[in-house]
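Since the structure comes first, as structure tokens, the remarks are kept for the end.
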Amino acid sequence: MRISTIEQLDEQRRRFAALEQEIPWQVKVCSGSGCIAAGAAAVHDAFVKEMAAAGISASTSFEQCGGGTSLVAKTGCQGLCQAGPLVTVQPGGIVYTRVRTKDVPLIVTETLQKGVVLESLLYRNPNTGEPCRTREDIPFYVHQKFVALEGCGIVAADSLGHYLARGGFRALVHALAMDPIAIIDEVEKSGLRGKGGGGFPTGRKWRTCVNADGDERFIVCNGDEGDPGAFMDCALMEGDPFRIIEGMMIGGRAIGAKRGFIYVRHEYPRAVQRLQSAIDQCVDAGLLGTDILCSGFDFQLRIVRGGGAFVCGESSALMRSIEGFPGEPRSKYIRSTEKGLFNQPTVLNNVETFASIPAVIRDGAYAFASVGTGRSKGTKAFCLAGRVNHTGLVEVPMGMTLREVIFGIGGGVPNGRRFKAVQTGGPSGGCLGEAHLDLRVDFDELSAAGSMMGSGGMIVMDDYSCMVDVSRYFLKFLMGESCGKCVPCREGLFQLFEIVDGIARGNGTRKDLERIEKLGHAIALSSLCGLGKSGPNPVLSAIANFREEFEAHIVGRKCPAGVCRELTTFQIDPHRCTGCMKCRRVCPVNAISGEKKKPHHIDTALCTRCGACRLECDDEAIAVV
Amino acid sequence: MKITIDGKKVEAKRWDTVLTAARRAGIAIPSLCQLDSLENVGACRLCMVEVNHPHWRGAKLVTACEYPVESGLEVITTSEEVLRLRRANLDLLLARAPESRRLQQMSAEMGLEQSGYVRPDKGTACILCMLCTRVCEKLGCNAIAPAGRGLDKRIDTPFGGYPDTCIGCGACAAICPVDCIEMTDTAKTRTIWGRTFEFVKCAECGTPVITVEYRDYAIAHRSLPADYYNECSDCKRRKLAVKFAKVGG
Ligand SMILES: Cc1cc2nc3c(=O)[nH]c(=O)nc-3n(C[C@H](O)[C@H](O)[C@H](O)COP(=O)(O)O)c2cc1C
Ligand code: SF4
Ligand code: FES
């Protein structure tokens, strides 16, 4: 397929849209990281095999379908990772959850051949027990709003044809007909802000780049995604790679860049492979290269693989890394929009930011800005993780409260435990408590509360989490990821860690909190790059919001949550214990004794405070004293 | 162009940093990792100052050694906050290298008695100011470089092995503000970075002049006469004096 003109693009789009209409069944097997880990690849292969065995003509390539041939596609993350592997069957949009290879023959014979929906594989509403057939019935999906993730989990990730059938590259055609400055105006009017952490207005960034002097301009996509537990960008790169390419092309057109780079961490081999395949298909079709769609626009894209250091996501370190030097940040007193990659004006945006661009151009700035709050427009993707019923990938309109995200979409805290804290903004974000649940998802509101939007991690914690321990964990992570170049970050985070570790071990003193605050502020104000500047956030926000818990460790020498081993003693409440023996079986060091149906007892001398018994006990008989 | 430093009008040149402009005007700003002939890295953060501009919305805290001047810039080098940040960073450095005379002296100047932090048990006294690697790079040898990250970051030879390109000049050891680069000189040899170099001996008096590798490197790269390092500088001077005396006499 060669697409040299806009007419040819339209023709192909019509052809593929018609082809999609003719596909009898589309079996979309989620191939996001979560579902792959749960065995989605085998499920996909099983569908291919079983459909062939049942005499259903099927192909794994969208382009080869139609005319009686069904599609078995691998898609990007479908969102509800917790209930994976997910399989969506079209038409009907039936969502099957926890699909095993052994379920596949039944799906083929019942659903594909007889049109019967298998209730046992449907998602069940946890409150009503009702089975939910489609996305529209599942509470997890109904409160979401998909913009950047519009196609993720819907399109066959490896198919240019399917992307075109779904209206792909329409925004590019729009953009090619616009004056480059008008594209920037549109992006600026939309209020789109960078989704990589800083929330810098994208339009304004593009404009400063255009106004800077240089021999050449570059456009760079930040797919480093170093936050532990976050995978929005990974999902997008794997699930809708053409959309990122389209976004970058529009950006390239707007700022006058002929070359673009996508920086992806090497731990994302699938993302690299899908992006590369997408780039190759675009090059083959003539959508990347010279004189694209006869518009005179030349654009090339290259993937650069990063070594997987968290700090390489920082803009100056990332550019050093692309240039072939060690990824170390440098002071940005001269902005990278003026002197960036190879010392030329450069625009760096996050994956999700680029994925939002086609929507801005296609639907217009006003439509995009109709969602959101005063200064945070559109949507934001999050990875819901931790102690919440529905973990997975979500995209919510800006302005939704944390409560709605955690309890509405996330379905609340499992096992009837109490919500305690939510950590937003990744490892250098902040810990917010119950009092902050009505905060809205908004760059400025989250920052004002001492946390941040960050790139979109959202870790929910219940009352079995200790905020001292959580602070220690994040400090340890950041300490290890600090590039070590500047003193406050390298030495300061270490000293912060030492103080917090001392508190967690029961060696804290009353002065420690003040010392943490003083040192934390000094680190934040004098570090070279964003890692150091935001590094103290988790511990500072934890102290601000959970001061009593820190004091309990220091003054009472107790860890109320029962996490810090040195400060915890577990005891079985004889009135609550039913003698079910569960804890006895789970204890790894055999510290629990007791007979069936009689209260059990923990030998504190043997107990290692791992907390396994407490998680197992249904009667809440294991108390922290 | 004109800038203001601590209320004083100061003349600055186009490519100046705040630090160079301040020094020229006789205003002292502490610095550790900065040297005029080397590229700036902004590692020690002791030169923090506050900058502001009538066109800006508010002041910024920046490193003076890196911040480029612009017309109308207002610099404050001694605000409460600036002093606090400098002291905090010096405190962290002092925990790392309490024996350093240079740091002790700076501490005395800034009114810091002793570090309030524990001494890290990981790593050496090296404060990673990168002066050594930058002089080595400037000389063209690139024998040492930073390796690792975070607390594991250290200055090392390539892969911790034999420093092939080292010429034993000792510039790194001489420039180190905390004296943590080990260099042992004997009458015949110099040992540094795990490598031992032979000295060239003065043809007149026999004192060590320079390592053989350094001599060869310098002669090759600076187009010096081949016998340039045959005598030590003292003997050269003495011979020259004798020559002058003869001519004059
Ligand atoms: C330590 C550190 C790590 C970062 N990691 C990422 C990352 O993984 N992905 C990302 O898009 N931005 C990351 N950023 C933010 C980038 O520096 C940059 O602001 C962003 O990519 C700009 O894109 P945006 O304007 O679209 O958000 C990081 C920043 C810091 C300081
Ligand atoms: S703040 Fe940390 S990561 Fe950033 S330059 Fe300094 S040491 Fe490196
Ligand atoms: S002298 Fe400026 S940071 Fe070290």
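Observations, loosely collected:
- A:Met458 long-range amide H proximity, modeled H, under 5 Å: A:Cys383, A:Ala385
- Solvent-accessible surface (1.4 Å probe) assigned to B:Ile127 amounts to roughly 10 Å².
- If the Kirkwood radius is taken over C-alpha pairs of chain B, then at 4 °C and 1.567 mPa s the Stokes-Einstein diffusion coefficient equals 61 µm²/s.
- The trypsin sites (Lys or Arg not before Pro) of segment B:31-136 that DSSP puts in a loop, and whose beta carbon has at most 10 other beta carbons within 10 Å, are B:Arg57, B:Lys122.
- In sequence order, segment A:420-435 has phi-based couplings of 10, 8, 10, 9, 10, x, x, x, 10, x, x, 9, 10, x, 4, 4 Hz under the Karplus curve 6.51 cos²θ - 1.76 cosθ + 1.60, θ = phi - 60°, and Gly or Pro positions carry x.
- Rolled with a 1.4 Å probe across the full set of protein chains, the surface gives B:Lys239 an accessible area near 90 Å².
- Rounded is the label for segment A:168-369, because a/c, from the alpha-carbon gyration tensor with a ≥ b ≥ c as root eigenvalues, stays below 1.5.
- In segment B:143-191, the residues whose accessible area drops by at least 10 square angstrom when the other protein chains are added to the isolated chain are B:Arg149, B:Gly150, B:Leu151, B:Lys153; the probe is 1.4 Å and only protein heavy atoms count.
- For chain B, leaving out every one of the chymotrypsin sites (Phe, Trp or Tyr not before Pro) that falls in a DSSP loop and has at most 16 other Cβ atoms within 10 Å, the longest unbroken run is B:57-227.
- Between helix A:180-190 and chain A: long-axis angle, C-alpha atoms, 0 to 90°, nearest 10: 40 degrees
- Segment A:467-554: relative contact order as a whole-number percent, Cα under 8 Å and 6+ apart: 39 percent
- Taking every protein chain into account, the accessible area of segment A:275-349 amounts to 40 square angstrom per residue (probe 1.4 Å).
- Positive contributions from Lys and Arg (+1) and negative ones from Asp and Glu (-1), summed over other residues with Cβ under 13 Å from the Cβ of A:Val264, come out at 0.
- Rounded tilt (10° steps) of A:467-481 against the dominant C-alpha axis of chain A: 50 degrees
- Surface accessible to a 1.4 Å probe, per residue, for the residues of segment B:131-243, Å²: 56 Å²
- 9 Å beta-carbon shell around A:Gly480, net charge (K/R +1, D/E -1): 0
- Between the amide H of A:Arg193 and those of A:Thr202, A:Lys377, distances stay under 5 Å, these residues lying 5 or more places away or on another chain, with hydrogens modeled in the peptide plane.
- Spin-label model, B:Arg154/A:Glu216: points 7 Å from Cα along the beta carbon direction are separated by 4.0 nm.
- Residue pairs, from the table B:Lys60/B:Lys153; A:Lys339/A:Lys518; A:Lys205/A:Lys332; A:Lys49/A:Lys145, whose Cα atoms sit over 25 Å apart: B:Lys60/B:Lys153; A:Lys339/A:Lys518; A:Lys49/A:Lys145
- Legend: calculated FRET efficiency, B:Leu240 to B:Ala147, from the Cβ-Cβ distance at R0 = 45 Å, rounded to 0.05, equals 0.50.
- For chain A, the longest principal axis of the C-alpha atoms and the axis of helix A:493-504 are separated by about 40°.
- Max mean-square fluctuation residue, GNM over chain B, Cα-Cα springs under 10 Å, options B:Gly168, B:Gly150, B:Gly42: B:Gly150
- Theoretical ellipticity at 222 nm over chain A - DSSP helices of four or more residues, -39500 (n - 2.57) apiece, nearest 500: -10500 deg cm²/dmol
- Accessible surface of segment A:532-625 [probe 1.4 Å, protein heavy atoms]: carbon and sulfur percent: 50 percent
- J(HN,Hα) series, segment A:270-279, from Karplus relation 6.51 cos²θ - 1.76 cosθ + 1.60, nearest Hz, glycine and proline x: 5, 5, 4, 5, 5, 5, 5, 5, 5, 4
The values are calculated or read from the model by the stated rules, or taken from the named source; none is laboratory data. None of these values were measured; they are calculated from a predicted model. Don't worry about glycine lacking a Cβ; one is built from the backbone with ideal geometry, like all the others, and counts go over all protein chains shown. Keep in mind that these areas ignore ligands, DNA and RNA; they rest on the heavy atoms of the full protein, side chains included. Shrake-Rupley method; radii C 1.70, N 1.55, O 1.52, S 1.80 Å.
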